Amino acid sequence: MTAKEDKLHRNVPLPLLMNAAEHTIRFLLSAVLAGADLFDGYAMCGIAATAVSGPGAPGLFALLGACFGYLAFHGFVGGLRSIAACVLVYALSCAFYDAVFYRRSWFMPTAAAAINALVGFIYLSEGGWNSRQVVFFLTEILLTAAFTYFYRLAFSVWDDPRDTAGLSVRQATGAL
């Protein structure tokens, strides 16, 4: 390593690089998860990734990644419903971040599922309801809550980066 390269490496603080890497991972992961399409048009994985990322920069990058993924994989019209749910989930996490109940394990899965249900109800009511759509819609709501809960377990690795003992059973279950 030359003296110029050594000086360049000392000027960039390690926490800044680690934050940039985490934000990039959240963006890309949310974008890829937004492409997961179940039941021909029901895509709740990007909403769940946005819900577990919280407020601030991590949540913003997850939101941007999910929006990009929904636009890329589902198009403007197909992705607009999920983008609206992602924006509302991020806004809710920003609004209630300081509240005591925000830290509870049930809050964000329930909130993400409720927001997805409200937005989905508005969008799906326009075309009428049949029994197939009702079953898929209810399944989407339940899966939104489940994915949010399990992503929270998997993403908890970022909460304490000093823990190098490996994944706990709960984190491995969430990642699976």
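The values are calculated or read from the model by the stated rules, or taken from the named source; none is laboratory data. All of these numbers come straight from a predicted model, not from anything done at the bench. A quick note on method: Cβ atoms are made from the backbone with ideal geometry, for glycine too, and the neighbour counts reach across all protein chains shown. For accessibility, only protein heavy atoms count, side chains too; no ligands or nucleic acids. Shrake-Rupley method; radii C 1.70, N 1.55, O 1.52, S 1.80 Å.
Tabulated results
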read-out	value
Only listed residue being closer than 21 Å to Ser30 by Cα and surrounded by 16 or more Cβ atoms within 10 Å (Cβ to Cβ), chosen from Phe137, Phe107	Phe107
Among the residues listed as Leu118, Leu142, the single one being in a helix (DSSP H, G or I), open to solvent by 80 Å² or more (accessible area, probe 1.4 Å), more than 17 Å from Gly41 (Cβ to Cβ) and modelled with pLDDT of 90 or more	Leu118
From Tyr123, Tyr102, Tyr97, Tyr90, residue being under 16 Å from Pro58 (Cα atoms) and surrounded by fewer than 18 Cβ atoms within 10 Å (Cβ to Cβ)	Tyr97
Residue list for region 63-87, filter: of a type in the set (A, V, I, L, M, F, W, C) and open to solvent by less than 50 Å² (accessible area, probe 1.4 Å)	Leu63, Ala66, Cys67, Ile83, Ala84, Ala85, Cys86
Any hit, region 43-59, residues being free of Cβ contacts under 8 Å to residues at least 40 places away in the same chain, open to solvent by less than 60 Å² (accessible area, probe 1.4 Å), more than 25 Å from Thr24 (Cβ to Cβ) and hydrophobic (A, V, I, L, M, F, W, C)	no
Test: Phe73 is part of a helix (DSSP H, G or I) and farther than 17 Å from Ser30 by Cβ	no
Meets criteria (over 21 Å from Val32 (Cα atoms), assigned to a helix (DSSP H, G or I) and modelled with pLDDT under 95) for Tyr123	yes
